[in-house]
Structure formats: C-alpha cells, structure tokens
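Since the structure comes first, as structure tokens, the remarks are kept for the end.
The values are calculated or read from the model by the stated rules, or taken from the named source; none is laboratory data. Remember, it's a predicted structure, so these values are computed and weren't measured experimentally. Here the Cβ positions follow ideal geometry from the backbone for every residue, glycine too, while neighbour counts run over all protein chains shown.
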Amino acid sequence: MIERLTHVLLAATAVVAAASATPAAAATAAPGPEVQPFVAMSAPAIALRHVTLIDGTGAEPRADQTVVFERGRISAIGPANSTAVPAGAESHDYPGYTVLPGLVGMHDHFYYSASNALQRGDGKNSEPGFQVNEIAYTAPRLYLAGGVTTLRTTGSVEPYADIKVHDRIAAGLMPGPDVDLTAPYLEGGPTPFAQMHELRGADDARRFVAFWAESGMTSFKAYMNITRDELAAAAAAAHARGMKITGHLCSVTWPEAVAAGIDDFEHGPVYTDSEFYAGKQPDTCPRGRDLQGAWKDLPIDGPQVRVLIRLLIDHHVAVTSTLPVFEQYVPGNPPPQRRTLEAMATGARASYLQERASLDPKDHDSAALLRKEMDFELAFASAGGLLLAGPDPTGNGGVLPGFGNQREVELLVDAGFTPVAAIHVATQNGARFLGRDADIGTLATGKRANLMLVKGDPGKHIADIENVELVFKDGVGYDSARLIESVRGQVGVR
C-alpha cells in the first residue's frame, strides 16, 4: 500500500512538472469510465450553430455565429450563414444561446469553510486553530459545472490531495478544470489556522519554496502574518524557478510587498492593504477592523489611492477580485440560492444559515467597504491594471465553487464593468497572468476548445451566465446539470 501511494505521488509530481515546463498545459486525456457519465457531447468535429458569441476580448457580442472545433481546438468561427461545417461533424443549432470562453478562476480553492458557526460560535479560536475541509471530490465537479475550465488553487491546506486531483483530472479519471497548483501557504506566526506552517525566517521561506516546487507545485501564495524578509526570500526563490507568487497580506503593506517582488495581490486593498493604518507596526498585522477602518474615509479618486494604483501598474502587479466572499458579510445581501443550499452537506448548510442569521442588520460598514472595494477595482482596471477574478469559497460558507465564479462576474458588473468587460476579466486576464493566453482565455481559431454554452445572453443580462448547459474542455462537452446533481448534499464533507 505504501509503495502504491508513493507511486501515485511521484506520478502526480511528474505530471505537474511536465505541465509547468511550458506556458500552455497539455490537454486532458480522453474521459475515462468515471468521467463518461458526465459527457454529453464528444466527437472528432463539433459545430455549434446560430449562437451569440462573446469571445472574451471585451469586444461586443456577435449574433448568429457558428463555432467549429476539431480534435479539441477551434477550427472556425464566423457568421452562421457563411461558415462551413466539416463533413461528418456533429452539428447542433442553438438559437437563443451564447458561447463564451471557459472561466479562468484565479482564487479557487479545493477546500471550504464548512463549520464556521461550530468553530467560532463562542467567539474564540480553539487550539490548534481554525480548520477547513478539503472537498477534493465536489469542488472540481462544481467548478467545471459552473463553466470554469482552468483554475489556480491559490493556497493549499491538503497539498498531496491537490496534487492527486490534478493528476487524476489530467489523466481523464476525474471531471474537473485544468489546475495550476498553488503550494501551501507561506505564513508567519502566530497564525490562527491549524493547517498552516509558521515560517521561521527567510531561510525557512527559501527551503519551503524549494521543497514544494520540487514536489510539483507551480505557484505560491504569501499570507497574512509573513514578514518582509520572508516574503522577499520566497519571491526571489519562486522567481528563480520561473514561478509567480501572490499574497493575501496584512503584516506586510502593499508597497512593501511590491518592493519584495510580489506578482499579484488577493482580495483587493480595502481588505488587505495595511499601509494607511496610522498605528501600523513593522511585520505586524493590525486587527481587521483597524485595517478596514483606515480605508473607510479614504477616497478612491484621491491622491493616495492613485499613487498605489500607479505603483501596481508600473511594477506589473495584478490584483485578484474576490467580491463574493465579502458580499456574504453584508446584511441583506441577495438571498442564498436553492442550488447552493441543496449542494451543501447538512452540517455545512446549518452552519452557513446560522452565520448568515447572526449578521447585524445595523451594520452599514460592510456594505460601504464592499462598494469601496468595487470602486477600487474599477479604477484599477480603467487605469490599465491587470484585474483577475475568483470567488474564494471560504468565509461564512455561502460561496461555493463554480457558483461563486459566476457570482464574481455578476458582482463585477455591479461594480460598474460592462458584461463583456467583466467576462474579459474572468477569462482572458486570468489566462494572461498564467502565461497561457495564446492557448486559452478567448475564443479564436487555433485555440483550445475550452468554452461554455449558456441559455440566454450574458452580454445583455449578466445573470444569464448562471444558465450553463454544456461546458467544453478540449472539445469534450460536459453536462453541467449532471455534474451538479452528482454532488448534491455533499459539499463540505467530501
């Protein structure tokens, strides 16, 4: 048994190393027996006719188009009345439907906070710290069902499970998106999380990066209590291996992290940039309320924020929007969807509803902070910054894989982006950051056939992005409804 497990882990490492050797990851193997029940369309050549097309570039939708893909790659896109369909192709007419690129999720964990109410009901964080549940079975299925064809795990708590999921998906043994594997968190101490290592200086950070890079991880994430020296050492070690590092920070300010060489910031500054807190101490994370309070009266169009935006753009540092996880803390936010509650395990659902009911209806600050974060993201992108998108299925448990990715796009529209601009953020921008935009992220001849078919027109009504019927990955069409049904009542326990 031990020998077999060792073989599996070594095989997973080899697959990940091969995938990271070039910017464009290899296509997934043909669906195996465990995946076949979810395959709704598979043929050497497929044509989707009379669809509206949103190509992911930010261009306006094109009506009455035909998309043809052969052997997993797009071979033709054009007007339905003049685009030839290859002889023998499986052809389907979809008037009233839209084709758009598969989403590229840039903050998409394989774990989930399933028991917030139980763990924090008394206001304490009991030893050994807060714990999250790995959902290696349900998460990949829900991501794919939601239209996500590529994702970055953006922090791991069960790294060997994540590696195995990547390996199984790549081998056609599990349904799921292509995976960019982020290593366990580069966290300092004291951390409130039971499943995180506490770094012991810059040398430890270098060893940490080396170990996980050699184990098959392809990106890194710094966390809230890391020091400046540890972050700089980790960033240099990652860059020496051609890998990128992102961060959900607090102890290190955003300007300090830019100086240390960070490539991306998670969540946006309103929730994570401590530079404007008057009592900030070096390498120390202020309380969340103190940090966010410093942003409360800071105008997004003021000189301080303009300087921050310019700094990010000048140093080519991206920002990942994760609006759904913060929306969950706004009293009176949209009610939970039936599909979300039905997907949750009983305990996870009870915990989430208890947490939701505990929100103070008089709390107006949470809504104001969310609006300010939205305004920052719109200003950053409008100035030329690279904005990425992902849901972060953590928080109080109300954000689920896949469903949360769709909600993120909707909230970007609420922030002021046009629907096609929001889709561009959630597709091409993520592919660009991963160095894979020549292969995925937009719909064009020669690119991989990673796309989704939705009923309606998200270009006019962004909520239609939830109406996913088929998700094509390498030209194989997966049935979204079957994938969702297969995890009903299980999110949070497997």
Quick one: what pairs do we get from the range 232-253, first residue surrounded by fewer than 24 Cβ atoms within 10 Å (Cβ to Cβ), second of a type in the set (S, T, N, Q) and in a helix (DSSP H, G or I), C-beta under 7 Å, 6+ apart or different chains?
-> His248/Thr272; Cys250/Thr272
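If you scan the range 117-157, which residues turn out to be charged (D, E, K, R), buried (at least 24 other Cβ atoms within 10 Å of the Cβ) and in contact with a strand residue (DSSP E or B) (Cβ under 7 Å, 6 or more places away or on another chain)?
Arg152
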Somewhere in the range 474-494, is a residue part of a strand (DSSP E or B), out of contact with any Cys (no Cβ under 8 Å at 6 or more places or on another chain), surrounded by fewer than 24 Cβ atoms within 10 Å (Cβ to Cβ) and not assigned by TED's automatic domain parsing to the domain that holds Leu378?
-> yes
Out of Ala171, Ala213, Ala183, which single residue is buried (at least 19 other Cβ atoms within 10 Å of the Cβ), more than 29 Å from Asn116 (Cβ to Cβ) and modelled with pLDDT of 95 or more?
-> Ala213
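Tell me which residues, restricted to the range 419-457, are in a loop (DSSP other than H, G, I, E, B) and touching a Leu at 6+ places or on another chain (Cβ under 8 Å).
Within the range 419-457, just Leu443 meets the criteria.
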Are any of the residues in the range 113-121 out of contact with any helix residue (DSSP H, G or I) (no Cβ under 9 Å at 6 or more places or on another chain) and not assigned by TED's automatic domain parsing to the domain that holds Asp474?
-> no
State which residue is nearest to Phe433 (Cα to Cα) when the search covers only the range 72-120 and only residues that are assigned to a strand (DSSP E or B) and charged (D, E, K, R).
-> Arg73
Subset of the range 23-79 [touching a strand residue (DSSP E or B) at 6+ places or on another chain (Cβ under 6 Å), among the acidic types (Asp, Glu) and surrounded by fewer than 16 Cβ atoms within 10 Å (Cβ to Cβ)] | Asp64
Name the residues in the range 254-292 that are surrounded by fewer than 21 Cβ atoms within 10 Å (Cβ to Cβ) and either of a type in the set (Ser, Thr, Tyr) or not in a loop (DSSP other than H, G, I, E, B) (or both), would you?
-> Pro255, Glu256, Val258, Ala259, Tyr271, Tyr277, Thr284, Gly288, Arg289, Asp290
Show the residue pairs that are 6+ apart or on different chains and have beta-carbon atoms under 9 Å apart, the first residue being within the range 278-289 and more than 10 Å from Val252 (Cβ to Cβ), the second being assigned to a loop (DSSP other than H, G, I, E, B) and among the charged types (D, E, K, R).
-> Pro286/Lys280
Condition check for Leu388: of a type in the set (A, V, I, L, M), in a helix (DSSP H, G or I), assigned by TED's automatic domain parsing to the domain that holds His267 and under 16 Å from the mean Cα position of the chain (by Cα) | no
